[in-house]
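The values are calculated or read from the model by the stated rules, or taken from the named source; none is laboratory data. Please read all numbers here as calculations on a predicted model, not as lab measurements. Counting neighbours? That spans all protein chains shown, and the Cβs are built from the backbone with ideal geometry, glycine included. All accessible areas refer to the heavy atoms of the entire protein, side chains included, with ligands and DNA or RNA removed. Shrake-Rupley method; radii C 1.70, N 1.55, O 1.52, S 1.80 Å.
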Amino acid sequence: MVMEKTKRTFCVIGAGTAGLCAARHALQAGGIVTVFEMGKQLGGTWVFNEATGKNEYGIDVHSSMYKGLKTNLPKEIMGYPDFPIPEQESSYIPAEDMLTFFQQFAESYGILEHIRFSHYVVRVKPTIDEKGWEVIVRDCPNDQLLTLTFDYVLVCNGHYHTPNLPKYTGMSVFRGKQMHSHDYRSNEPFEGETVLVIGAGPSGMDMAYEISKKAIRVTLSHHLKDKPQTVFPSNVTLKPDVTRLTETGVEYADGTSEDFSVICYSTGYKYTFPFLSVDCGITVEENYVQPLYKHCINIRYPTMAFIGLPFYVCAAQMMDLQARFCLKFFSGAKTLPTQEEMSADTAAEMDERWKRGLKKRQAHMMGPVEDRYYDDLAQTAEIDPIKPVIKKLHKISAMRYSEDLVNFRNDKFRLVDDETFVKAPAATYCIIGAGPSGLCTAKQALALDSHATVTVFEQSKQIGGLWAYTDDTGKDSNGLDITCMYANLRTNLVKQGMGYPDYPIDEQAPTFVTISDVIKQLEGYVDKFQLKKVLVKDVAANRYAMHQFDFVLVCNGHYSSRIIPSFPGRNIFRGQQLHSKDYRREENYRDQRVLVVGGGHSGMDIAPAIALHADKVVLSHRCNDPVHTGDRVVQKPEVLRLTQTGAEFVDGTREEFDTIIYCTGYRYSTPFLSVDCGVSLEDNTISPLYYHCININQPTMAFIGLPFNACLMLMMDLQARFCLKFFTGQKQLPGKQQMLEWWQKDQQERKERGLSGKLSHMLAGDLQQRYYDDIARIAEIETLKPVLAKMHADCINSKKEDVNFRNFEYRIVDDEHFIKVQIPPTPTMS
């Protein structure tokens, strides 16, 4: 959206919440922007100033901020749509944190250089030709008047600066102190006082509670149909409207009276624009500013707009939406309706408001119709709307405020995606599995969310997942599947990809380590990061329990549910048949004739190991070229059928066997997940997932460790950090539709590469490093160094070409390069 022809000039009045986002969008539209701010710093109403009354230039002190104020809405909805407030411990943050946020925002978009501080706008009026605006400004430090002209004026002066005082009989005779909440700065001066607070809006409720900590007693007078639901401290009472003041106190509409030493009027503010000439075509009556199109654009002079008039809204979000709405028209990207059409639209809306019984002072009140207003702006200007999660959280937090004034600020919220948020004093995480993926996920959850409650459920008696070796096979004493690890296994991936980024495998260890090395590594990891406290094991008690969690991370691995081919004759073969999951030791097959089915990693590992002891070993596979398994292994094509004593192959040959070992892989299995979880599992593809881990339909669930052909533990740690960056609220997920579009695009690319079906989660070729870089970029976390993926690829290729691939050591040179050195043979004694 760039201005056409000569650049257009914008005058923005005020450098608070509204003015900053208006300036940002005007600058991004290509405009020349000048922001006039009467104060010495940006932030508007969020600037705390001990002073009240007039400042050193004789101008009313703008701020109504009091000491120690915290937001009464959660920070998750107080930032701008694409510039949220940074994550921190609490959702309700101090005013100084809001100021820091606005400073960061201004610096990020280069707004500071466009702000003229201590410049007070005196008059705004149309130019003689009515094609622009003449703006007279007082340069306060130099006490000079400046006259400038602009194409557009954006009025962003806020509406918490001019007190609205009621007119009660007897105000002049009351002997105590009277003040407006605008001049309230702290509760210290109310020590030992008896205080009446008039008005039960947000400031009145807040002040009554704060003052009650110091005062002897506090009364809150209100005219609400239903009294506030919240429970106040014992020294706070509620009363109806005041009818008159006396010398010592007040009388109420119920006929009772009370004496007070102080009366605080929390009765709101007047919308005032003293700098606007009557020639601007704007009138203000009882806070009803008119005539405005969609509560912001001046219908009579539609090059002027007001940002921030509506109340009972998500303020910053709405202001940003209004600014984008106005700039869509001011930039020429969209044409405004005619004045007649805008007037008719406004008249229809206001007529509907009057029919609902609203008064003029409620002309810009949104409240129950805020969603409709946001959507109307977005649809009219064809701009991005406010996300549903923001609107939902605004309603929930407003309800919490009205229900529990004392404790609502203890609530902690996290935005999960465009639709979902979670609320909890501490988020709860369920991690299923204490193998490599479950352990790093638990560690990262505790590291990224110090208040989190993390529970890891592990079905076996020890950590390690598939790396936990036992001589047993089949089912354990609790009827659960036993691990697939075999006794003499050494890793088939380099150790540099088997450790974690913050807990690598010992540099002195060989490149290809043993089971015990891996288990020792995982146990050390558990001890270092104190993960034992989050492990749960209760299978032996044979009890079922129901738990509720905010987030579920599925880390159950995918080497548990066997795939066994359905060859004809399987039921008549007289020898032993087993899956590689039940294979333990090669010496168990001494002098046997063994058929190994499958040319993947397990088959290529097990066949040459057994060949050292067996009478004969045949490896049957469907690879186009022979695989490298050494001279002792005979290779055959696919099995056609089994016979009573052996197998027949598709090339017509037959062989006799004592044992058949199926190295035919595993099914991804999640039997504990209900269909209501929103994912499907078909042909080893779990879908739909955002970046192969976050459940798009239920984005508080994630799967860690699904992709294969990867630097497994490093990738699992990266995935855990990716998911938890969103789950902890530090970043917000894209909307469901956007995530689905990514999934569909990814699946289409994979289909074109021949990676569909059971290869849907494979990180083949360049997809591996690209995947690491993509999820790191999106979550703004550290990626994996390219050298790791390169070493992994070289290792995989070496394995295909040389059965002795483990006779090499890999060493990292730098982030891009490694060296590979052959290990000299161990000398033998003669």
Close Lys-Lys pairs in segment 177-265, where close means Cα under 25 Å and separation is 8 or more or interchain: 9
Rounded to 10°, Cα long-axis angle of helix 339-355 versus longest principal axis of the chain: 90 degrees
Cross-link pairs K475/K581; K334/K745; K443/K520 - those with Cα-Cα distance over 21 Å: K334/K745
The chain - share of DSSP beta bridges that are antiparallel (%, nearest 5): 45 percent
Antiparallel bridges, percent of DSSP beta bridges restricted to segment 101-248 (to nearest 5): 60 percent
Within the accessible area of the chain (1.4 Å probe), percent carbon and sulfur: 50 percent
J(HN,Hα) series, segment 497-503, from Karplus relation 6.51 cos²θ - 1.76 cosθ + 1.60, nearest Hz, glycine and proline x: x, 9, x, 9, x, 9, 7
Extension reserve of the D502-D676 stretch, reckoned as 0.36 nm per residue once the Cα distance is removed: 59.0 nm
Coil-residue GluC sites (Glu not before Pro) of segment 727-830, DSSP, other Cβ within 10 Å capped at 12: E780, E782, E816
Approximate spin-label separation T248-V284, in nm, with each point projected 7 Å along Cα-to-Cβ: 4.1 nm
Sum of side-chain charges, P786 neighbourhood, beta-carbon under 12 Å (Lys, Arg +1; Asp, Glu -1): -2
Separation of the K40 and R574 label points, Cα + 7 Å toward Cβ, nm: 10.1 nm
Amide hydrogen neighbours beyond the local backbone of F708, cut-off 5 Å, H modeled: M762, L763
Extension gain (nm, one decimal) between K7 and R770, 0.36 nm per residue minus Cα-Cα: 270.6 nm
Average accessible area per residue (Å²) across segment 177-265 - probe 1.4 Å, nucleic acids and ligands excluded: 44 Å²
FRET E, pair T335, D82, Förster distance 35 Å, beta-carbon r, rounded to 0.05: 0.85
In degrees, nearest ten, helix 202-212 long axis to first principal axis of the chain (Cα): 90 degrees
Simple spin-label estimate for Q744 and A348 in nanometres, 7 Å along Cα-Cβ: 3.3 nm
Modelled FRET efficiency - R0 45 Å, K520 with Q103, Cβ distances, 0.05 increments: 0.35
Across K7/K40; K270/K328; K70/K736; K328/K395; K328/K387, pairs whose alpha-carbon gap is larger than 23 Å: K7/K40; K270/K328; K70/K736; K328/K395
Rounded to the nearest 10 Å², the accessible area of D815 at probe 1.4 Å: 80 Å²
